[in-house]
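Okay, so here's the structure we're looking at.
The values are calculated or read from the model by the stated rules, or taken from the named source; none is laboratory data. As the structure is a prediction and not an experimental result, all values here were calculated from the model. Quick reminder, even Gly has a Cβ in these numbers, built from the backbone with ideal geometry, and neighbours come from all protein chains shown. Surface areas here come from the heavy atoms of the whole protein model, side chains and all, with no ligands, DNA or RNA. Shrake-Rupley method; radii C 1.70, N 1.55, O 1.52, S 1.80 Å.
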Amino acid sequence: MYIKCKPFFLLFLLLSLSSFAQEYSEEFHNYKQEYPDASFVRLNNEVNLTLEVKNGKIEIEQENIEEDLYLTESAKYGSKRSLEFSSFFELSDIEASSFQYNSNKYEEFKVENFTQKDELENSFHDDAKSINYIYPNLKKGSKSKLKYLETIKDPRFLSPFYFANFSPVIQNKLTITADNEIDLEFKEFNTQDFDIVFTKEEKRNKTIYSWELKDVEPFKYESKSTSLKKVLPHIVPRIKSYQINDNKINILTSVDDLYHWYYSLVKDLNEEEPTQEMISLVNDLTKDKTSDLEKVKAIYYWVQQNIKYIAFEYELGGFIPREANKVYANKYGDCKDNSSILKQMLDIAGLKGQLTWIGTRSIPYTYEEMPTPMADNHMILSYIDKGKTYYLDATGRYLPIDFPSSFIQGKEALVSFGEDHFEIKQVPVVEAKRNLFRDSTLLKVHEDFLEGEASATISGYHKNILFQYLENTKTEDDVKEMYKSVLEKGNNKFLITDYKNTNKFSYDKNFIVDYHFKIQDYAKFLGDEIYLNLNLNKYLSYAKPEKDRENELEYDFKNQLEFTTVLEIPEGYVVDYIPQNEIVESDLLTASITYKQQENSIIYKHEITLNFIELTLEEQKEVIKLIDKMEKAYNEIIVLKKKA
């Protein structure tokens, strides 16, 4: 029986193995082997941009093609997709399909249903909407293909083309076909290490530009990375001007063109007379103020507190502020609206504020290299007093007048002084010492726990963040839990027993938290000795960059921290060992740990200055070396011994 069945068994085995081998395509196996950690591979990333002069205007169409191959089961979780559009970008001719491999070939499943919805999140520029769809039967080994046409309504809004992403890209191609009457410029960013093949061809009255790049390795996603625009290789096309017969029509030849377009959108702002209610409010806010800056403060802080930030726009409303009267009546607005009412209230007080366009730190371009709306995404108001410029962002909360929003530090600001006058200024980076977190503790040792009486003094952006947390806490337990996370010392058995706030929600005074705490199971009692690590706050260990990082690091702000602990030596004990002092110092980071015995106490101090908001890879290496040295000091303990 066995011999007779053997051929059938072999046939069944061969068929099974053949079936298993055909479950995925050869293409899948090749890319799975080449990119074992990737969830998908972008087989084709293609954009065909067409620019034509018709009826005295530039008509722009962009064909987008994306093809993906999925290497893991996570494919089914990514089947829901969306495409964003707005009045500036119209979508048409959308074709989407998934392809399932079966019987040595791919079977196509077309997307039949596309649904539209509003998107409320990102609305500085436009009234974003989305078309949503689901790829059917998407799974490991499947492919997807998306093709759609984009009509760009304004020649100022050409999109960047990215040659890389967090997944491998096998084929990249950007083709721009433009009438010769159109003057184009192309800016390349982060492309120096890539062999991009560029061609330029003349055909009749058109020029065809093409860029191709193949087999691009995936970029590593890392938290706290600087903007992807600083990392990913990309090209940004810009229409400078175009010709109509003998007439040259400027679009974005320089910052002047960008500014004049911006100004045309705000020149008629607040032509309505302010309401009597707003006038009375301004008079009341400023009546007892003895200087112009104090008046500006009062108005600025009122707007922060009373005009809620809500972003929702339509068409050019993404660029045009609403009338101050309407913002005042609604008690809400976006960044432009908040700037509008702030400007109007200053006008009522006889003060002059300047509308200001600015990009957040997620945008790396300067206005000179990128004189397009891509250079900024935010609006604030500038105020100049005695030669000093104050950058007033009324969308923030609890921001003192001399603190710009943390996300615009170091950025260029396009400040308006009238129809033909603007200045590009640079927002300063706030000094580390102004962002101070100082914590002083009196510590007592008990056999089972440490008992502490402490006071934290908090200023600058530290305070700003803490106030926002406090504003969102609903219960007393929430507040204690928040303080526990901010003030925690020693270990996770840290417990705040009571606390008191001083200057809560104050703009111009330091915030102070006085508190009592206990820490269980921290000190070690062995025989007649007590072993205690006074490094209760090992902050630098949390600030240390990972050694295998591949990208720059970005932090919210420079900052300074000071931790002082005064340990009462328990009765009947003497000091047997105190660690040596340690200090590291560089332009980027300075830190020290010092110990001093004074009468019946040991005074421990740990001071840190982090003098950076961004770190290159080389700077990260330097900082890591310094922190490594401090971490050795973190392991040092004091030894107390019973008196003989």
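Phi angles of the stretch 387-392 translate, via the Karplus equation with coefficients 6.51, -1.76, 1.60 and θ = phi - 60°, into HN-Hα couplings of x, 9, 9, 10, 9, 9 Hz per residue; Gly and Pro are given as x.
Using 20 Å as the Cα-Cα cut-off, could you pick out the over-long pairs in Lys187/Lys230; Lys287/Lys425; Lys547/Lys629; Lys267/Lys343?
Working: Lys187/Lys230 13 Å; Lys287/Lys425 32 Å; Lys547/Lys629 15 Å; Lys267/Lys343 13 Å.
From the list (Lys187/Lys230; Lys287/Lys425; Lys547/Lys629; Lys267/Lys343), the Cα-Cα distance tops 20 Å for Lys287/Lys425.
Each residue of the stretch 258-273 was assigned a 3J(HN,Hα) from its phi angle through the Karplus curve 6.51 cos²θ - 1.76 cosθ + 1.60 (θ = phi - 60°); the sequence is 4, 5, 5, 5, 4, 5, 4, 8, 10, 5, 9, 5, 6, 6, 5, 5 Hz, with glycine and proline shown as x.
The charge dipole of the chain, taken about its Cα centre with unit charges on the Cβ atoms of Lys, Arg (+1), Asp and Glu (-1) only, comes to about 1320 debye. Probing with 1.4 Å while keeping every protein chain in the model, the per residue accessible area of the chain equals 50 Å². Here the gap between Leu495 and Asn283, fully extended at 0.36 nm per residue and compared with their Cα-Cα distance, gives a gain of 71.5 nm. Between Ile384 and Tyr390, the built amide H atoms are under 5 Å apart, and every one of these is 5 or more places off in sequence or on another chain.
Taking label positions 7 Å along the Cα-Cβ direction at both Lys76 and Ile624, the computed distance is 4.0 nm, reported to one decimal.
Suppose every Lys and Arg Cβ carries +1 and every Asp and Glu Cβ carries -1, with no other charges. What dipole size does the stretch 220-372 come out with about its Cα centre, to the nearest 20 debye? Please list the in-between numbers first.
Details: 20 positive and 21 negative charges, 154 e Å.
I would put it at about 740 debye.
With Cα atoms defining each centre, the stretch 148-194 and the stretch 472-523 are spaced 51 Å apart in the structure.
Apolar share of the accessible surface for the chain: 47 percent from carbon plus sulfur atoms, 1.4 Å probe. Since only Ala454, Thr199, Gly359 are under comparison, the one whose Cα sits farthest along the positive direction of the charge dipole of the chain, derived from C-beta charges on Lys, Arg, Asp and Glu, is Ala454. In this simple spin-label model, placing a label point 7 Å from the Cα along the Cα-to-Cβ direction at both Glu112 and Ser541 gives a separation of 5.9 nm.
For the chain, adding -39500 (n - 2.57) for each run of n ≥ 4 DSSP H residues and dividing by the number of residues yields -6500 deg cm²/dmol at 222 nm.
Kindly identify the stretch 335-429 as rounded, prolate or oblate by the Cα gyration tensor criterion: order the square roots of the eigenvalues as a ≥ b ≥ c, call it rounded if a/c is under 1.5, otherwise compare a/b with b/c, prolate if a/b is larger, else oblate.
On the way: a/c = 1.64, a/b = 1.32, b/c = 1.24.
Prolate shape, in that a/c is at least 1.5 and a/b is the bigger ratio.
For the chain, just say rounded, prolate or oblate: build the C-alpha gyration tensor, square-root its eigenvalues into a ≥ b ≥ c, call rounded for a/c under 1.5, and beyond that prolate if a/b exceeds b/c, oblate if not. Walk me through the numbers before you get to the answer.
Details: a/c = 2.26, a/b = 1.21, b/c = 1.87.
It is oblate, given that a/c is not under 1.5 and a/b is not larger than b/c.
Taking amide H positions as modeled 1.01 Å from N, with prolines and chain starts lacking one, the residues under 5 Å from Asp576 and 5 or more places away or on another chain are Val639, Leu640, Lys641.
The count of lysine pairs in the stretch 489-541 whose Cα atoms are under 23 Å apart, excluding pairs fewer than 8 places apart on the same chain, comes to 12. The shape of the stretch 601-644 comes out oblate: with a ≥ b ≥ c from the C-alpha gyration tensor, a/c is at least 1.5 while a/b does not beat b/c.
Candidate cross-link partners of Lys641 among the aspartates and glutamates, defined by an alpha-carbon separation under 12 Å and a same-chain spacing of 8 or more, comprise Asp528, Glu529, Glu571, Asp576.
Dipole orientation for the stretch 509-601: of the candidates Ile512, Leu561, Leu588, Ile512 has the Cα lying most toward the positive pole (charges on Cβ; Lys, Arg +1; Asp, Glu -1). Ligands, DNA and RNA excluded, the heavy atoms of Met370 present near 0 Å² of accessible surface to a 1.4 Å solvent probe.
Straight Cα distances below 17 angstrom link Lys57 to the lysines Lys153, Lys206, Lys240, Lys248, with same-chain residues fewer than 8 positions distant left out. Label sites at Ile94 and Glu368, each approximated as a point 7 angstrom past Cα along Cα to Cβ, lie 4.2 nm apart.
Would you mind calculating the gained length between Glu52 and Asn132 on full extension (0.36 nm times residue separation, minus the Cα-Cα distance), in nm to one decimal?
Details: separation 80, 0.36 × 80 = 28.80 nm, distance 3.00 nm.
Using 0.36 nm per residue and subtracting the Cα-Cα distance, I get 25.8 nm.
Cross-link reach is defined here as a Cα-Cα straight distance under 21 Å, omitting same-chain residues fewer than 8 places apart; for Lys32 the lysines meeting it are Lys76, Lys105, Lys139, Lys140, Lys143, Lys145, Lys214, Lys220.
Across the stretch 577-594, computed HN-Hα scalar couplings (Karplus, 6.51 cos²θ - 1.76 cosθ + 1.60, θ = phi - 60°) run 8, 10, x, 6, 6, 9, 9, 10, 8, 7, 5, 8, 9, 10, 8, 8, 10, 10 Hz from first to last residue, x flagging Gly and Pro. DSSP beta bridges fully contained in the chain are about 90 percent antiparallel. Between Asp528 and Tyr555, the contour length at 0.36 nm per residue exceeds the Cα-Cα span by 5.1 nm.
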